[in-house]
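What follows is one structure encoded as structure tokens, with my remarks underneath.
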Amino acid sequence: MTLSKYFQFFIRELNRNKSIITRVFSAIFISLLIFSSVTILNNSIENEIKNNSSILLGGDIELSTKNKALDSNILDELKKGFFLTNIVEFSTIIRTNDKKSKTARIKVVDSFYPLVGNAIIDPPDSLKKLKTEPNTILVDETTQNNLNLKLGDKVKIQNTSLEVIGVIKSLPDIGGFFLFGDQALINKSSFKSLRINNLGSFFNFKYKLIKKDNNQDLPSKIKTNENIEIKYPEDISQNLKKIIENFIYFLSVISASAILISGIGLKNSLFSFLSKNQFKIAIYKSLGLSSQTIKLLYNSQTLVILLFCSFFSYILSLFIISLLDHYFLSFLNIQLETKFRLYECLIVQFFSILVFFIFSKPVLDSIDQIKVSVLFRNSNTNLNVNYTRKSIIEISTFLLIFIFSFCILSVKPQQTAIFFFFFIVVCLFYFYLSKIYIRILDKIKNIQNLFITIGIKNFKAYRSLNSIIIMTMGMGITVLFFLGFLSSNINKELNTSIPKNAPHYFFLGIQQNELNLFSEQIREIDIQAKKIIVPIISARIEAINNIKPKEIVDEENKSFWFINGERRISWSITPPSNNPIVEGIWWDIDKEKKLKISLDYKVAEDLKLNIGDSITFNIYGNSVSGIITNLRKVNYKDLNINFAILFNPGYASNIPHEFMSTVRFKNNKLVNLTKLITKLPTVTYVNVSEYVNKTKNFLNKLFIISILVSCLVIIIGLIVISNAISVIGHLKVYQNLVLRILGFESSNIFRLIIFESLILFVPIIISSLIFSAIFSYFFITNFFNLSWYFSLQVPLIISSLFLIVLMMTLLISNRKYINFNAYSMLRNG
Amino acid sequence: MKNLYKLNNINLNYQLNGNDIKVLKNINFEIKKNERVAIIGESGSGKTSLLMLMSGLEEPTTGSILFNNEDFSKISEKKKTEIRKKKIGLVFQQFYLIPNYTALENVMFPMQINNINDEKNKANLILSDIGLGHRKNNLPSELSGGEQQRVAIARAISFNPEIILADEPTGNLDKKNTELVSNLLLDYSYKKKFSLILVTHNMKLTKKCDRVIELLDGHIKV
């Protein structure tokens, strides 16, 4: 056959099989669409962060000195090699004249801000104006809306009045992600009139530097100064990546599931196609087309369609991501640049080629089994996908390449490998389940019931197809249950209301001499208010058992936060009522004068710390070591005062400190804090419900995207399962027609269908439930750090949904012999 | 006349539940070029098995089949496929047209895979010749049984094979169509000078052939 004739044949076959192709490849198309979208999303975010990391940091280097400005000599030395801008950040309350107030993060900027990138402010010249005019402020859009501010309005920070001269649309240096970020800009002269010197303000001096010369390095005394934290653009990109890593990981795992499930579906559909087209293939063979040519035809068709699907899905994904960017991803504070990237397109194509070699080629190889003799004998062959040693090696190799490539491209290679391990284990389980079935059914003999006899015979006759169906259904329902459990758990977490006894407000930055005034003010607002006041200091962990903490704790550790940056620490005479001691003993206030430490047991577990280990702190420049005396179970979710570290008061009460307080009012709605913050201008408060709602809002947006993707995978699962079920239905049309001719009623055939479905359905549902419960538990506890719960609703809803799909599919695929029309069935052609 | 086929001591056995089933026993005969031979016999006598052996689709247990002096047992599967493609036309009782191809496309198909040029015109001519020019754009499901079998014959002769192996081609047809189809096959075998092996139960048809081979329980009845 010449190439042009072959091409004609190829095109004609494609054209004639349009409807079958659409059905067979719809699931794989959706899964490639998800995979493309996740790939584009991941790469776009990574590129955005990587390309803009200097802008996100605000320079080539950032020096942070917490609450102490850099020495002027050091600054002078830095100015020789760097352009420099000095920023001071702190949290405070912004008040309006009509007694509205709001917590905001204030950025004090100098005339050089921003060194890199653009600040978009409305009106555009207002940043320039801010730098020169005293007592002016720029607020962000949220603050403007919440406080109902207009340009020219006056607001107050502490007792200083500031004029709103502009609204911040976006700032370039958002390296820390202002998730809860209501922010404002003021200038240095406005800042000088404020009294910001307490811990509750989370005070921070930052110096953003740009090298005058590319080879310029920081002076060694800065590098070795332990009180200066140095950040480079790559640190920012790492931090940002970490924030969205779980989200991207979840999506990529979902896309891998989608590809694998639809791959199994593709295998199933191709097998069904071959079974139904046995005579056609035999005719081709009888006319002189070799098995090789026919395989080449179907292999090249499948490959071309897969490549087309992957290309089209990639293009469609670009469009979807740009839409998502506008409607969903704005909350990540990232403007993604979605554009055609050849390597991304090639990655998607590469995976579609792997899908071909893993799922499609082995099935198409069964074309060899179709003999021309079926035309002489006029009888179908029960095709089986026979795995030879060669085909098993081929499939395993391509599967390994698939897993390896996916892991390498994943944001979390190890966890992705674990996921694939689970996936393969489940696959194997369902594969062997079908084998066990056959063995059990083989042993069942002497059955009197005709339906059971026919059912068992059918199951054994289509054993190869049944094992694919069991695998497809098993994997599909396991993923459906898994997604259901995941959704219900996350949803439950998001809908969990604020704990009953949680305080309404946190007050920070209360000085020793303000304690009485603070208590008086609270009583004035509500005499029945419940308040807890505790001392607070700030310290940095210098060493654990005399070793620098970053040498023994890596960034992947769940409690890395504990050793990273400053820790707020308190002390207590008695053990906190909400933090039960799980190990060790509480201290004796009279005897213990040396530093003793009470630690969160979860932190101790993650960092492998035990009673008797030592931790060295840097407290206001002094190194102090203490011994861990007891471990407490700290439940941060109760939103009360919870410290990971408590000191013994015998030692700590001598350290200079300030106080923080939680207050629960009898009726929160009637509370007005105006007088309190007027009298105590340095005190900052956090409204707990506002904070929780903002967190929920952020998580909700992530969750909506995850659910949307999960829903798509559920649809794929249902398409694949539905196709799998209809395969046997189609194959049994002839058999059922004969049964009808012999006098079987429609109801009898229904009973037969129900019996055959039940022997497949029941064990699959049970094992899927067990697997999905285990996997969702693993995911929820390890990746989402939430407590897992079993929702009975999930299996009930999904099983019912699946049953509806099952029944609909059976009705549709069996309609031919339920609506008895022998003539059209008997006619050849 | 030259021999097209030579079958020497053909035996065909199947294994069924550990038992040897002897389907064909010691078969010897020759088919000459442009000869028309009818093979008759009761159901299960081995007629179809013999046809499968002659088309190279199955291997005899012992013995040799020579086609144009080439021993089927000594040539590759690829070569056998090539012979079937270029030299052997098959006609089945159940017609077996490609269901999603029109009558014209069905007839064109063997010419396309044999790289015969002008296949469309040639297929049109054949279809007109057999009286189905007006049905050329119909799918097999839109044709009657007789029409389907005529298209199948047109397809089998389209690439000018050296022999047509027909397995009960009139078995599914009524009297009128049986006449039509059998005449078509025989007329074409004279016209196009190909050999014809006809497996049939129709005694009237056997009389129109040059020779009759009768199989009885796997043997050739002498």
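General remarks:
- Here the spin labels are modelled as points 7 Å beyond Cα on the Cα-Cβ line, and at residue A:583 and residue A:668 they lie 3.6 nm apart.
- Pairwise FRET efficiency - residue B:28 versus residue B:211, Cβ, R0 = 22 Å, nearest 0.05: 0.95
- Straight-line cross-link reach from residue A:50 at under 17 Å between alpha-carbon atoms covers these lysines, not counting any fewer than eight positions away in the same chain: A:231, A:241, A:242, A:339.
- Note on the protein assembly as shown: helix-only mean residue ellipticity at 222 nm, from DSSP H runs of 4+ residues weighted -39500 (n - 2.57) and normalised by residue number, equals -16500 deg cm²/dmol.
- Between residue A:5 and residue A:390, the FRET efficiency estimated from the beta carbon spacing at R0 = 25 angstrom works out to 0.20.
- Taking 0.36 nm per residue of separation and subtracting the current Cα-Cα distance, fully stretching the chain between residue A:246 and residue A:405 would add 55.3 nm.
- Gain upon complete extension [residue A:448, residue A:527; 0.36 nm per residue less C-alpha separation]: 20.2 nm
- In order along the stretch A:39-53, the Karplus-derived 3J(HN,Hα) couplings, from 6.51 cos²θ - 1.76 cosθ + 1.60 at θ = phi - 60°, round to 4, 5, 4, 4, 5, 5, 5, 4, 4, 4, 5, 5, 5, 10, 4 Hz, and Gly and Pro are given as x.
- Two-site FRET efficiency, residue A:312 against residue A:519, from Cβ-Cβ distance with R₀ of 51 Å, rounded to 0.05: 0.15
- Nearby lysines by direct alpha-carbon distance to residue A:154 (threshold 21 angstrom, same-chain neighbours under 8 apart not counted): A:99, A:100, A:102, A:107, A:128, A:129, A:131, A:169, A:188, A:192, A:675, A:679
- Compactness index (Cα Rg / 2.2 N^0.38 Å), the stretch A:61-231: 1.06
- For the protein assembly as shown, the convex hull spanned by the alpha carbon atoms encloses 241 Å³ per residue.
- Residue B:23 long-range amide H proximity, modeled H, under 5 Å: B:12, B:13, B:14
- Applied to the stretch A:357-364, the Karplus parametrisation 6.51 cos²θ - 1.76 cosθ + 1.60 on θ = phi - 60° returns per-residue 3J(HN,Hα) values of 6, 7, 9, 9, 4, x, 6, 5 Hz, with x for Gly and Pro.
- Note on chain B: dipole from Cβ charges, positive end direction compared against B:189, B:95, B:29; the farthest Cα belongs to B:189.
- Degrees, to the nearest 10: B:119-129 long Cα axis against longest axis of chain B: 90 degrees
- Nonlocal amide H pairs with residue B:39, under 5 Å, H built at 1.01 Å: B:198, B:199, B:200, B:213
- Relative contact order [Cα under 8 Å, 6+ residues apart], chain B, whole percent: 29 percent
- Gain in span if fully extended, residue A:64 to residue A:812, counting 0.36 nm per residue against the direct Cα distance: 262.5 nm
- Proximal lysines relative to residue B:25, as straight alpha-carbon distance under 22 Å, when same-chain residues fewer than 8 apart are discounted: B:6, B:47, B:74, B:221
- The 3J(HN,Hα) values that the Karplus relation (6.51, -1.76, 1.60; θ = phi - 60°) gives for the stretch B:83-94 are, in residue order, 4, 4, 5, 9, 10, 10, x, 10, 10, 10, 4, 8 Hz. Gly and Pro appear as x.
- Approximating the spin labels as points 7 Å out from Cα along Cα→Cβ, the residue A:502-to-residue A:214 distance works out to 5.1 nm.
- Number of Lys pairs (Cα under 21 Å; 8 or more positions apart or on different chains) in the stretch A:530-664: 18
- Average beta-carbon neighbours from other chains, 10 Å sphere, peptide B:110-116: 5
- What the Cα atoms of the stretch A:530-664 give is an Rg and a Dmax of 14.1, 43 Å.
- Placed amide H near residue A:510: partners under 5 Å, 5+ positions off or other chain: A:659
None of the figures in this text is laboratory data; all of them are computed from the coordinates on show. Since the structure is predicted, the reported quantities are computational estimates derived from the model, not experimental observations. Cβ atoms come from the backbone with ideal geometry, glycine included; neighbour counts cover every protein chain shown.
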